[in-house]
1. Go through segment 27-77 and give me each residue that's over 27 Å from GLU132 (Cβ atoms) and aliphatic (A, V, I, L, M).
2. If I ask for residues that are of a type in the set (Gly, Ala, Ser), assigned to a loop (DSSP other than H, G, I, E, B) and surrounded by 13 or more Cβ atoms within 10 Å (Cβ to Cβ), which ones from segment 69-84 would you list?
3. Being farther than 30 Å from THR45 by Cα and loosely packed, with under 11 Cβ neighbours inside 10 Å is the filter here; which residues of segment 12-31 pass it?
4. Can you find, within segment 128-151, the residue that is farthest from the chain's Cα centre (by Cα) among those that are of a type in the set (S, T, N, Q) and either assigned to a helix (DSSP H, G or I) or at pLDDT 85 or above (or both)?
5. Restricting attention to segment 103-127, which residues are among the small types (Gly, Ala, Ser) and in a strand (DSSP E or B)?
6. Among the listed residues ALA137, ALA107, ALA85, ALA125, which satisfies the condition of being among the small types (Gly, Ala, Ser) and closer than 30 Å to ASN167 by Cβ?
7. Return the residue satisfying two criteria in turn: it lies in segment 52-68 and is under 14 Å from the mean Cα position of the chain (by Cα) and aliphatic (A, V, I, L, M), and of such residues it is surrounded by the most Cβ atoms within 10 Å (Cβ to Cβ).
8. For segment 12-56: of the residues being of a type in the set (Val, Ile, Thr) and in contact with a helix residue (DSSP H, G or I) (Cβ under 9 Å, 6 or more places away or on another chain), which is modelled with the lowest pLDDT?
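The values are calculated or read from the model by the stated rules, or taken from the named source; none is laboratory data. Just so you know, these numbers come straight off a predicted model, no measurement behind them. Ideal geometry is used to build each Cβ from the backbone, glycine not excepted, and the neighbour counts take in all protein chains shown.
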Amino acid sequence: MSYLPSYYTEVLDFQLLQDSIGKELQLLIEDLENIMDQLYIDTTTWGLDRWEKEFGLTTDPSQLTATRREIIKAKMQGSGTTTSAMIQRIASTFSGGDVIVEQSMEAYHFLIRFVGQLGIPPNMAGLIQTIEEIKPAHLSYDFVYTYTWWESLQSLTWSQARVKTWNDLKVFEGA
């Protein structure tokens with residue numbers, strides 16, 4: 001209203017019209033931002049099924065949004081010739097931490113060692129499915145997980161350790 005001539009401020013209907021237009025424009029801006037969010041894997045929500053269809057993935061709405069995003073990202077990274085660097089990137093995407101891939105070509109085998117996160121990453125099923133899709137058929141693989149070293153538990157007293165479960169202690173990072 002400040003951009004209009006002063007006599008418009010005295011007309012009540014014109015003020016209501018401007019308020020109505022302002023509200024509609026705000027809704028339009030929010031809708032455009034929502035649509036823009038669907039163009040990027042890290043922000044997509046209701047557009048996940050389109051991304052999955054684009055990469056030939058099965059849509060499973062019962063999975064968590066983060067899990068579905070991980071699978072899409074892994075599929076994107078898994079195109080082309082399979083290399084240890086590619087497997088490392090994919091495993092790192094699923095685990096959220098550093099990963100080392102060790103190859104044993106004479107044994108037709110490779111190890112995926114999770115070194116950046118303690119314990120078993122949450123979406124191992126998705127990682128296994130992705131690895132099976134991209135690895136050459138003649139190669140086998142295993143996973144190696146990192147757990148807490150006994151020395152790092154020395155900071156705990158028996159009363160502190162007693163209230164934790166064995167699984168809690170296996171991934172305990174110290175105080």
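1. LEU27, LEU28, ILE29, LEU32, ILE35, MET36, LEU39
2. Within segment 69-84, the first condition is being of a type in the set (Gly, Ala, Ser), and the residues that meet it are 74, 78-80, 84.
Of the ones still in play, those that are also assigned to a loop (DSSP other than H, G, I, E, B) are 78-80.
GLY78, the sole residue that qualifies.
3. Selection gives LEU12, ASP13, LEU16.
4. Narrowing segment 128-151 to residues of a type in the set (S, T, N, Q): 129-130, 140, 146, 148.
Now narrow it down to the ones that are either assigned to a helix (DSSP H, G or I) or at pLDDT 85 or above (or both): 129-130, 140.
On the way: GLN129: 16, THR130: 14, SER140: 26 Å.
In this case the residue turns out to be SER140.
5. Within segment 103-127, SER104, GLY116 qualify.
6. On the way: ALA137 fails: closer than 30 Å to ASN167 by Cβ; ALA107 fails: closer than 30 Å to ASN167 by Cβ; ALA85 fails: closer than 30 Å to ASN167 by Cβ.
Result of the check over ALA137, ALA107, ALA85, ALA125: ALA125.
7. Out of the qualifying residues, it is ALA66.
8. Going through segment 12-56, the residues of a type in the set (Val, Ile, Thr) turn out to be 21, 29, 35, 41, 43-45.
Within this subset, residues satisfying the condition of being in contact with a helix residue (DSSP H, G or I) (Cβ under 9 Å, 6 or more places away or on another chain) are 41, 43-45.
Numbers: ILE41: 90, THR43: 94, THR44: 94, THR45: 93.
The residue in question is ILE41.
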